[in-house]
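Remarks on the structure that follows.
What follows draws every value from the coordinates through simple rules; no lab data is involved. Everything numeric in this text was worked out from a predicted model, so none of it was measured. Glycine gets a Cβ as well: all are built from the backbone with ideal geometry, and neighbour counts include every protein chain shown.
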Amino acid sequence: MLQWEQEAMEQKVSLHGLKDFIRMKERLYWQSVEEKKERPQIFANAARNKLTEYGNSYVLDYFLQIPIVERTCKLARFDMEDLQKKLSNGFVSEEQKENFLFEREHWFMHLKERMKDLRISKETMESYGLSWKSAKSFAYQTI
């Protein structure tokens, strides 16, 4: 602060302009401190497929800010898309097929329970990108 006051005197800043001069110097100081401060990394590697501890907490905080109904619908949609990819890739063994059928049944049962518990309507699901009709037909689809 004393250094800024001396600098103001050297530059012959008027008494009325001293307040603005000090504020400007303070703002510049805090900007330089923020620029120097190293922000923690979110991803642990260049492939961006593994999160650091800070990254996990950041994603969790962001994720928990999404309303629970929206979060439930979107996660169900993503899970259904993953299951559809597994189905389209085919199965190498009978055990793999049984595991898929179990996962699909579990996914659909969980979806129905969440819809009941949170009172999610089919229209609400549709607004978040998951069609009840397509989810139901996928769940009962024969392989």
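Pop out the ³J(HN,Hα) list for the range 75-90 in order, Karplus 6.51 cos²θ - 1.76 cosθ + 1.60 with θ = phi - 60°, rounded to Hz; leave Gly and Pro as x.
5, 5, 5, 5, 4, 5, 5, 5, 5, 5, 5, 4, 5, 5, 6, x
How many angstrom lie between the C-alpha centres of the range 1-52 and the range 114-136?
The two parts, judged by their Cα centres, are 49 Å apart.
Let me have the relative contact order for the chain, percent, based on Cα pairs under 8 Å that are six or more residues apart.
Over the chain, the number comes to 17 percent.
Taking θ = phi - 60°, what integer Hz values does the Karplus form 6.51 cos²θ - 1.76 cosθ + 1.60 yield along the range 6-12, in sequence order, with x for Gly and Pro?
5, 4, 5, 5, 5, 8, 6
Using the Karplus curve 6.51 cos²θ - 1.76 cosθ + 1.60 with θ = phi - 60°, what ³J(HN,Hα) values do you get for each residue of the range 22-32, in whole Hz, with x for Gly and Pro?
Working through the residues one at a time gives 5, 4, 4, 5, 5, 4, 4, 4, 5, 5, 5 Hz.
Hey, which of these cross-link pairs are over 20 Å Cα-Cα: Lys50/Lys97; Lys85/Lys136; Lys112/Lys133?
Over 20 Å apart, Cα to Cα: Lys50/Lys97.
Which residue fluctuates the most in the chain, going by a Gaussian network model with Cα springs under 10 Å, if the choices are Lys19, Lys85, Lys112?
Lys19
Placing +1 at every Lys and Arg Cβ and -1 at every Asp and Glu Cβ, with all other atoms neutral, what dipole size does the chain have around its Cα centre, in debye to the nearest 20?
380 debye
Classify the range 18-70 from the C-alpha gyration tensor, please: rounded if a/c falls under 1.5, else prolate or oblate depending on whether a/b exceeds b/c.
oblate
Could you line up Trp30, Trp107 from fewest to most neighbouring Cβ atoms inside 10 Å?
Trp30, Trp107
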